[in-house]
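Just below is one structure, and these are the notes that go with it.
The values are calculated or read from the model by the stated rules, or taken from the named source; none is laboratory data. Note that the structure is a prediction, hence the values are computed from the model and not measured. Here the Cβ positions follow ideal geometry from the backbone for every residue, glycine too, while neighbour counts run over all protein chains shown. Calculation scope for accessible area: heavy atoms of the full protein, side chains included, ligands and nucleic acids excluded. Shrake-Rupley method; radii C 1.70, N 1.55, O 1.52, S 1.80 Å.
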Amino acid sequence: MEPYRVKTTAEQTGKRLDVYLAEELPLTRSAVQGLMENGAVTVNGKVIAKNYRLRGGEEVAVFIPEAEPCEAAAQDIPLDIVYEDEHVLVVNKQKGMVVHPAAGHADGTLVNALLAHCGDSLSGINGVLRPGIVHRIDKDTSGLLIVAKNDEAHQGLAEQIKVHSFTRIYEAVVVGRLPASQGTVNAPIGRHPVDRKKMAITEKNGKPAVTHYRVLAEYAGYSHVQLKLETGRTHQIRVHMASLGHPVAGDTVYGAKKDPNNLNGQCLHAKEIGFTHPITDKELYFTSDLPPYFTAFLDNLRGKG
């Protein structure tokens with residue numbers, strides 16, 4: 001496989017190479033570091049240390065090995081497929097489904113289901129043959145998710161995410177009434193300095209994060225809101241809304257530790273998604289109806305006046 005080649009500029013001077021490549025390529029920082037440790041990343045033709053900092057003007061080559069089989073098992077799990085062709089797939093994920101296998105969730109995930117559905121049509125851009133999950137939504141967030149079925153589609157979608165050209169619109173019920181009918185939260189998000197399982201608004205190691213919100217309806221103690229993402233950081237909506245003092249209802253991580261409504265997780269739904277098809281350049285846009293748990297909660301709130 002031909003290496004990915006990038007040339008740095010003076011603007012990148014001082015930035016760590018692993019951080020830079022994680023931003024430029026559809027690879028995680030840990031995946032980049034693994035490649036660097038194995039001598040698969042060169043700067044001006046030479047293998048460099050993992051903590052190398054850019055000087056500007058370097059020729060960087062990244063040699064990604066042939067993809068290995070995925071260790072996750074294919075499982076015949078029903079999928080709500082909104083759109084599919086030979087390159088991409090849009091799935092409507094149900095609340096409670098984990099996207100990737102991880103500790104405590106070895107099977108029953110979206111990846112397990114996609115391995116069975118996609119067969120041999122898989123992306124291997126991260127060094128493992130599996131459906132290309134180019135963006136994620138949390139276990140208890142329902143709604144639309146795009147999957148790449150091959151490397152070319154994966155790279156094209158990852159580039160759109162990088163330049164924020166995706167349209168991603170969510171709906172949520174949040175605690176309390178917001179002070180304005182619409183607004184924007186512009187605050188960097190990074191790993192929580194103490195609790196590493198959480199994210200937080202932080203200047204240290206935080207990445208830019210922008211969320212636009214609009215109130216759709218108000219109820220006793222709650223607001224139904226629409227949220228448009230300009231960026232896509234981990235837990236972005238949950239962290240941003242909690243920072244305003246209006247956490248997402250049911251969110252026991254960033255809100256109250258006990259949920260009085262027994263929602264079993266945050267009331268948050270990825271309702272609309274729009275993107276340019278990475279192969280055909282066709283503009284695609286999809287919407288998803290609010291799921292039963294969400295509409296039942298809204299009906300309950302309306303009943304309370």
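Classify segment 198-281 as rounded, prolate or oblate, taking a ≥ b ≥ c as the square roots of the eigenvalues of its Cα gyration tensor: rounded when a/c is under 1.5, otherwise prolate if a/b is larger than b/c and oblate if not.
Working: a/c = 2.00, a/b = 1.37, b/c = 1.46.
In terms of gyration-tensor shape, oblate.
Angle between the Cα long axis of helix 151-162 and the longest principal axis of the chain, 0 to 90 degrees, nearest 10?
Compared with the principal axis, the helix lies near 60 degrees.
I need the calculated FRET efficiency for the pair GLU11 and ILE81, taking r as the beta carbon distance and R₀ as 45 Å, to the nearest 0.05.
Values: r = 41 Å, r/R0 = 0.91.
With a Förster radius of 45 Å, E is 0.65.
Between rounded, prolate and oblate, where does segment 138-218 land on the alpha carbon gyration tensor, with a ≥ b ≥ c its root eigenvalues, rounded for a/c under 1.5, else prolate if a/b exceeds b/c?
On the way: a/c = 1.86, a/b = 1.30, b/c = 1.43.
Oblate is the answer for segment 138-218, as a/c is 1.5 or above yet b/c matches or exceeds a/b.
Might you work out the accessible area of ILE137 for me, using a 1.4 Å probe with all protein chains in place, and round it to the nearest 10 Å²?
Spelled out: ILE137, probe radius 1.4 Å, area about 10 Å².
With a point put 7 Å past each Cα toward its Cβ, work out how far ILE201 is from THR280 in nm, to one decimal.
4.2
For the chain, what does the accessible surface come to per residue with a 1.4 Å probe? Please give it in Å². Before the final figure, lay out the partial values.
Details: 15060 Å² over 305 residues.
Here the residues of the chain average 49 Å² of exposed surface.
Ignoring everything but the protein chains, give the 1.4 Å probe accessible area of GLU159 in square angstrom, nearest 10.
GLU159 has an accessible surface of roughly 80 Å² with all protein chains in place.
Using a 1.4 Å probe over the heavy atoms of the protein chains, calculate the carbon and sulfur portion of the accessible area of the chain as a whole percent. Numbers along the way, then the final one.
On the way: 7130 of 15060 Å².
So the carbon and sulfur contribution to the accessible surface is 47 percent.
Report ILE64's accessible area, 1.4 Å probe, all protein chains in place, as a number in Å² to the nearest 10.
Accessible area, nearest 10 Å²: 20 Å².
Mind checking which of VAL91, ASN300, VAL175 is farthest towards the positive end of the chain's charge dipole, using Cβ charges of +1 (Lys, Arg) and -1 (Asp, Glu) about the Cα centre?
Sorting the options by dipole projection puts first VAL175.
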